[in-house]
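No lab work stands behind these numbers, since they all come straight from the coordinates. All values reported here derive from a predicted model rather than from experimental measurement. Backbone-built Cβ (ideal geometry, glycine too); neighbour counts: all protein chains shown.
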Amino acid sequence: MHELSIAMGIVKIAESETHKAGASKVECIELEIGKLAGIEFESLDFVWPLAVKNTVLEQAEKRVEVIQGQARCMDCDTVFELEKFYDSCPVCRSNLKAILKGKELRVKALEVI
Amino acid sequence: MCGTCGCGSEEGGVRILMPGMQQEGHTHSHEHHHHHGNSHDHDHSHDHDHSHTHNHSHDHDHGHAHSHAHSHEHKHSHDDGGITLAPNKKILEVEQDVLQHNQVMAARNRGYFEALNILPLNLVSSPGSGKTSLLERTLKDLKDTLDFYVIEGDQQTVNDANRISALDVPVIQINTGKGCHLESDMVFEAVKQLQMKANAILMIENVGNLVCPSMFDLGEKKRVVIISTTEGEDKPLKYPDMFHSSDICIINKTDLLPYVNFDVGKVKDYALQVNANLKFFEVSATTGEGMEAWYEWLKEQIVPKKA
């Protein structure tokens, strides 16, 4: 259940940025999470209320932009979308690939007051 | 609740222990973590706020002071973007990696290891794959040739540290409490107590868990995932994150192959599907079969610096 650690990490960033900006609470938090980031979205939703309790995020709306995985085949250069790390190149079936997108795990923006 | 490790309270918190130590009477060297779950006083944070008055002056020049955050004041509603904000609302473009703290501390560890020419290895696997037995065997066979240090990660007990300590190898135990993985700041604290000499190998045995440790860089040079022949061949597909982030895959308990339904070729195929760069070793930590190749690899990695 590392999603709890992740949620607490998000809280830490939100608290620090909110205070730096002289604001008191967050109305909306925008996250970017890739499908290959190792985050179970349901688990994150499950731990979220617990993690944000008594923090600037308590009443914040959480908007998650899910980023589709994308890789470049190292053998035939095809750029393709992937759901899992073990998806192979749709053109040449090679497993040699460089992940281009999908590992993001970022706090993108905060709307504070 | 601790933000970094998810530990619930002092009792469930992270402890760094020496072998033979009682679990009671521990020192909790984890002060830098904030225990939000307890009685976190909100007013406190507002006080803190006022000490950062300099931030106001940054609002218009997109302050780069402490982080990558750029704050734009939206004092007027603007129609072009379709965003209408109340006068006191602000959008902070934070653009910050959630794991940034862990990565910064991992980089700090890495710099320290490089300066001392230490090879740090992060050993990960599910519980019971034989991480500690593999480690014991390796230390027994190589400790006269190479210098080793060990960090043991478990939720509870100093049992593993005691096993390593019995071999006269310097070892520190990290108990993560309720935490399911090691993080780089725990390793940082443990390493401070190890007082390592140069040109050595640091074995970091992570908490037995094929999921969570995959996300946390400890500052290791190589990540070593261990799978045993008593597990399912499809583990690399079931737990792709771990196999994707590893460099080495050790297949342990090969002495049991005649008795179990485990196809080594298949597990390798699955693992390569997830990570085509994996390097394999097939070993039995019990009989010593195949260990020589692993030892050769270790020796190649740690070339002593010649004056």
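The GNM of chain A, with springs linking C-alpha atoms under 10 angstrom apart, assigns the highest mean-square fluctuation among A:Arg63, A:Arg93, A:Arg72 to A:Arg93.
Counted by Cβ distance under 12 Å from A:Met8, the other residues give a net charge of -1, where Lys and Arg count +1 and Asp and Glu count -1. Here the label points at A:Arg72 and B:Tyr259, each 7 Å from Cα along the C-beta direction, are separated by 5.0 nm in the simple model. Only alpha carbons enter this Debye calculation for chain A, each as an equal point scatterer, and the log10 of I(q)/I(0) it gives at q = 0.16, 0.20 Å⁻¹ is -0.73, -0.95.
Close amide H contacts of B:Ile118 (hydrogens built in the peptide plane, cut-off under 5 Å, sequence separation of 5 or more or a different chain): B:Asn199, B:Ala200. Summing charges over neighbours of B:Asp263, with a neighbour being any other residue whose Cβ is under 15 Å away from its Cβ, gives -1 when K and R count +1 and D and E count -1.
Straight-distance candidates among the lysines for linking to B:Lys90, with alpha-carbon spacing under 25 Å and chain neighbours fewer than 8 residues away dropped: A:Lys12, A:Lys20, A:Lys25, A:Lys53, A:Lys62, A:Lys108, B:Lys75.
Our estimate of slack between A:Glu81 and A:Arg93, defined as 0.36 nm per intervening residue step minus the Cα-Cα distance, is 3.0 nm. How high is the FRET efficiency between A:Gln59 and B:Gln155 when r is their beta carbon distance and R₀ equals 35 Å, given to the nearest 0.05? Efficiency for this residue pair is about 0.55. Peptide B:98-105 shows a mean partner chain C-beta count of 4 within 10 Å per residue C-beta. Distant-in-sequence amide contacts of A:Lys25, defined by a placed amide H-H separation under 5 Å and a gap of 5 or more residues or a different chain, comprise A:Ile113. Taking amide H as placed 1.01 Å from N in the peptide plane, the amide H of A:Asn54 sits under 5 Å from none that are at least 5 places away or on another chain. Under a Cβ-Cβ cut-off of 12 Å, what is the net charge of the residues other than B:Thr157 that fall near it, where Lys and Arg count +1 and Asp and Glu count -1? Cβ neighbours under 12 Å give a net charge of -1. According to the square roots a ≥ b ≥ c of the eigenvalues of the Cα gyration tensor, what is the shape class of region B:101-301, taking rounded for a/c under 1.5, prolate for a/b larger than b/c otherwise, and oblate for the remainder? Prolate, since a/c reaches 1.5 and a/b exceeds b/c. Between B:Leu167 and B:Asn88, the FRET efficiency estimated from the beta carbon spacing at R0 = 45 angstrom works out to 0.10. Note that region A:54-61 has calculated 3J(HN,Hα) couplings of 6, 10, 4, 8, 3, 9, 6, 7 Hz, one per residue in order, obtained from phi through the Karplus relation 6.51 cos²θ - 1.76 cosθ + 1.60 (θ = phi - 60°); glycine and proline are x.
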